[in-house]
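In what follows, a single structure is set out as structure tokens and then discussed.
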Amino acid sequence: MLDLILKIWRQSHPEQPGQFVTYPMSGVAPAWSLLEVLDQLNETLMQSGQAPVAFDSDCREGICGSCGLLVDGMPHGQAGVTTCQVYMRRFHTGQTLTLEPFPGFPVLRDLVVDRRALDRIMAQGGYISVNGGSAPEANSIPIAAETAAQAFNAATCIGCGACVAACPNGAAALFVGAKITHLSLLPQGQPEAGRRVQAMVAQMDAEGLGHCSNHGECAAVCPQTIPLTVIARLRRQYWRAWW
Ligand code: FES
């Protein structure tokens, strides 16, 4: 069992100033996930009449993208996984874990941020409007295996926002690049590829998200290991769409 110190950002309202509050935690099992530690802390806080720490989670298995936090200054706290997959066995007794909400998004409460900007970008083009009908016979539209693999890899983006949180510019380029790559590599997504990229980039600008300047922090923390090449594809498609 571990004894840990949690230093957690507490903020009761978007308009109120926040502050770090320190919570000693003892008897933490190495097999617990970070979210289970927060669950345990919240049980204790509620039993003593205090407000629990607000944080987001849903699937708790790395596929919904809702649980993002900064852990010791790093989105999700560990490369290649989401916050819900960070386990206490990585830490040693006496260690302090600093938990903060993702930067780049407005704080709603404690560790919960408003990531609807990503939803609004998706609404501008993160879909295909071709009527695909029922599922076609698998070999009726030949697609190279490498192309299918690239599209599938890009489609694994779970929209957690870690790329925005990690980027010094607060850019959503890796997120948008993943969606553009996922949809435009396959034949069904190509007819509206130009309109899609223009609309999604315009919405990204409207949300006040920054632009990529090749830091690469986004790809380094992406739990789905989406590569920087999707940003190169985004740029190529964007300029091709204008010309
Ligand atoms: S709770 Fe779904 S990815 Fe963490």
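Numerical summary
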item: For MET25, net neighbour charge (Lys/Arg +1, Asp/Glu -1) across residues whose Cβ lies under 12 Å away; result: -3
item: Estimated FRET transfer efficiency when R0 is 35 angstrom, pair GLU137-VAL81 (beta carbons, to 0.05); result: 0.40
item: Placed amide H near ALA29: partners under 5 Å, 5+ positions off or other chain; result: LEU2
item: 10 Å Cβ shell holding at most 12 others, DSSP loop, GluC sites (Glu not before Pro): longest site-free stretch of the chain; result: 138-243
item: ³J(HN,Hα), Karplus 6.51/-1.76/1.60, whole Hz, each residue of the stretch 167-175, x for Gly, Pro; result: 6, x, 8, x, 7, 9, 5, 5, 4
item: MRE, 222 nm, helices only [DSSP H, n ≥ 4, -39500 (n - 2.57), over the chain, to nearest 500]; result: -10000 deg cm²/dmol
item: Residues whose placed amide H lies under 5 Å from that of GLN95, excluding near-sequence neighbours; result: ILE5
item: 1.4 Å probe accessible area per residue over the stretch 84-243, in Å²; result: 49 Å²
item: Among beta bridges that DSSP assigns inside the chain, antiparallel share in %, nearest 5; result: 75 percent
item: Nitroxide proxy distance, nm - points 7 Å out along Cα→Cβ at HIS13 and ALA145; result: 6.0 nm
item: Cα-projected label distance for LEU108 with PHE20, points at 7 Å along beta-carbon direction, nm; result: 2.6 nm
item: For the stretch 106-120, 3J(HN,Hα) per residue [Karplus equation, 6.51 cos²θ - 1.76 cosθ + 1.60, θ = phi - 60°, Hz, x = Gly/Pro]; result: x, 7, 8, 6, 6, 9, 9, 10, 8, 9, 5, 4, 5, 5, 5
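The values are calculated or read from the model by the stated rules, or taken from the named source; none is laboratory data. Computed from a predicted structure; not experimentally measured. Neighbour counts run over all protein chains shown; Cβ positions are idealised from the backbone, glycine included. To get the accessible areas, we keep the full protein, side chains included, count just its heavy atoms, and leave off ligands, DNA and RNA. Shrake-Rupley method; radii C 1.70, N 1.55, O 1.52, S 1.80 Å.
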